[in-house]
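Enquirer: Please read through the structure below; I'll follow up with questions.
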Amino acid sequence: MTRKIIHVDMDAFFASVEQRDAPELRGRPVAVGGSGGRGVVAAASYEARRFGVRSAMPSARAIRQCPELVFVRPRFDVYRAVSQQIRAIFHSYTPLVEPLSLDEAYLDVTENLAGLSSATETALEIRRRIREETGLTASAGISYNKFLAKLASDANKPDGQCVIPPGAGEAFVAGLEVGRFHGIGPRTAEKMAGLGIHTGADLRARELPWLRAHFGKSGEWYYRVARGQDDRAVTPDRVRKSSGSETTYATNLTTPEAVEDGVRAMADDVWEWCERTRNSGRTVTIKIRFADFRTLTRSRSLAEPVGDRETLHAVAVDLVRGLYPLPMGVRLLGVTLSNLAPLPDPATPGVQMALDLPR
């Protein structure tokens, strides 16, 4: 049976939520993020994008490109709540929903719960409900596999949709720049350009052994997507592999005391997630970025999942102390827990943390 896959992507999600909730921002260029010297744009409205403002852009550069830009601090609790509203809409049409982030997801509607006749009609209905129930707009791509559906969702943004019917995938892909392919980042696109590959048609012209020789295991993926092929199923039960928190500081941290306070603060953010989800992890990783942008990570795996906030603090701080003396100021710190498992119940007899920390 040919699959019917929809990729739904909210339009400028964070910025659109802010414009919805603050009418004075509507029609104005808005950036979600910090406006300080070290700030970064987390999301930009379409009005801001016309000036070249993009996510991950340094805020100082964004202001130079758009002097009228309005910065709004992110409200992730609100974005998560709206995302849950949207996912509830998805689940009224299919149980096969695979979220990719707060603002996008794949849906397999081969057999949809609403009994609609086509995936195109289903996507229209979903987008209508999102608009009515949240006041936001979404774009959708409809096709017979995930790769094509994601490409299609970007074709008629914002507030539009695109269908790539069976048999049309290879022709659709042929005319696109490879940099637009999901899974081909800027560095790979640059490497491909150096090898004379600029479009899907160029990629399709290369044989599989040649692609493997130049791109390793990824060569087979590139060979298949150049032909519009993707056999991946929509998997609603994606397992989360880690939870982390990091921050970039407006002023460099220059003392061990300030760095350790920062590590504890990041660990507190992670532990709040642990308590909320009743999950923890065996591996603690700290990330540190110095003033010259050199980035280091250090990890330690324990015998059991971290059982309390104090243990997480102790391991994270001990890891960062292994980097002393500090060669220069610190601009970013992060703490992550991985190798996740259910949080141990401290009331259960025999639960004991295995730590090997210097005393």
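Enquirer: Choose one of Tyr93, Gly200, Ser45: the residue whose Cα lies farthest towards the positive end of the charge dipole of the chain (beta-carbon charges +1 Lys, Arg; -1 Asp, Glu; about the Cα centre).
Expert: The residue sitting farthest along the positive end of the dipole is Gly200.
Enquirer: Can you give the local net charge around Ser117? Use residues other than it whose beta-carbon is closer than 14 angstrom to its beta-carbon, Lys and Arg +1, Asp and Glu -1. Numbers along the way, then the final one.
Expert: Values: positive: Lys4; negative: Glu111, Glu121, Glu125.
Charge balance near Ser117 sits at -2.
Enquirer: Could you give the accessible area per residue of region 45-114, probe 1.4 Å, as a whole number in Å²?
Expert: On the way: 3670 Å² over 70 residues.
With all protein chains present, region 45-114 gives 52 Å² per residue.
Enquirer: Where only protein heavy atoms count, and the probe is 1.4 Å, what is the accessible area per residue for region 149-280 in Å²? All intermediate terms of the calculation are to be shown ahead of the outcome.
Expert: Working: 7270 Å² over 132 residues.
The answer is 55 Å² per residue.
Enquirer: When DSSP assigns beta bridges and you keep just the ones with both residues in the chain, what percent turn out antiparallel, to the nearest 5? Mind dumping the intermediate values first?
Expert: On the way: 46 of 52 bridges.
So the antiparallel bridges amount to about 90 percent of the total.
Enquirer: For Glu275 and Ala201 in one chain, what is 0.36 nm times their gap in residues minus the Cα-Cα distance, to one decimal in nm? Working shown, then result.
Expert: Details: separation 74, 0.36 × 74 = 26.64 nm, distance 5.01 nm.
In short, 21.6 nm is gained.
Enquirer: Would you be so kind as to identify which of Thr255, Ala174, His214 lies farthest towards the positive end of the dipole of region 166-256, taking Lys and Arg as +1 and Asp and Glu as -1 on Cβ and the Cα centre as origin?
Expert: Thr255
Enquirer: Let me ask something else about it. Compute the distance in nm between two label points, each set 7 Å from the Cα along the Cα-to-Cβ direction, one at Arg38 and one at Ala233.
Expert: Output for this residue pair reads 4.6 nm.
Enquirer: Could you size up the charge dipole of region 1-112 around its Cα centre, putting +1 on the beta carbon of Lys and Arg and -1 on that of Asp and Glu, and report it in debye to the nearest 20?
Expert: Numbers: 15 positive and 13 negative charges, 97 e Å.
Its charge dipole is roughly 460 debye.
Enquirer: I've got another one for you. If Lys and Arg each add +1 and Asp and Glu each add -1, what is the summed charge of the other residues whose beta carbon sits under 12 Å from the beta carbon of Gln161?
Expert: Details: positive: Arg127, Arg128, Lys157; negative: Asp9, Asp11, Glu121, Glu125, Asp154, Asp159.
Overall, the nearby charge balance is -3.
Enquirer: Pairs Lys150/Lys241; Lys157/Lys287; Lys4/Lys157; Lys146/Lys217: which are spaced more than 31 Å apart, C-alpha to C-alpha? Working shown, then result.
Expert: Values: Lys150/Lys241 23 Å; Lys157/Lys287 36 Å; Lys4/Lys157 21 Å; Lys146/Lys217 20 Å.
Pairs exceeding the cut-off: Lys157/Lys287.
Enquirer: Run the accessible area of region 96-220 with a 1.4 Å probe and give the carbon-and-sulfur part as a rounded percent.
Expert: Values: 2970 of 5850 Å².
It is 51 percent, rounded to a whole number.
Enquirer: Select from region 36-112 those GluC sites (Glu not before Pro) which occupy a DSSP coil region and have at most 15 other Cβ atoms within 10 Å, ordered by residue number.
Expert: Values: sites: Glu47, Glu68, Glu104, Glu111; in loops: Glu68, Glu111.
Sparse-neighbourhood loop GluC sites (Glu not before Pro): Glu68, Glu111.
Enquirer: Restricting to DSSP H runs of at least four residues, report the calculated mean residue ellipticity at 222 nm for the chain, -39500 (n - 2.57) per run over all residues, nearest 500 deg cm²/dmol.
Expert: Numbers: 13 runs with 131 residues, N = 359.
Helices in the chain give a 222 nm mean residue ellipticity of -10500 deg cm²/dmol.
Enquirer: Over the Cα atoms of region 190-270, each weighted equally, I'd like the Debye log10 I(q)/I(0) at q = 0.14, 0.27 Å⁻¹, rounded to two decimals.
Expert: At q = 0.14, 0.27 Å⁻¹ the computed log10 ratios are -0.70, -1.28.
Enquirer: Keeping the other protein chains in place, figure out the carbon and sulfur percent of the accessible area of region 12-79, with a 1.4 Å probe.
Expert: On the way: 1770 of 3400 Å².
It is 52 percent, rounded to a whole number.
The values are calculated or read from the model by the stated rules, or taken from the named source; none is laboratory data. Just so it is clear, the structure is predicted and the values come from calculations on it, not from any experiment. Here the Cβ is made from the backbone with ideal geometry for all residues, glycine too, and neighbour counts use every protein chain on show. Just the protein is used for accessible areas: all its heavy atoms, side chains included, with ligands, DNA and RNA removed. Shrake-Rupley method; radii C 1.70, N 1.55, O 1.52, S 1.80 Å.
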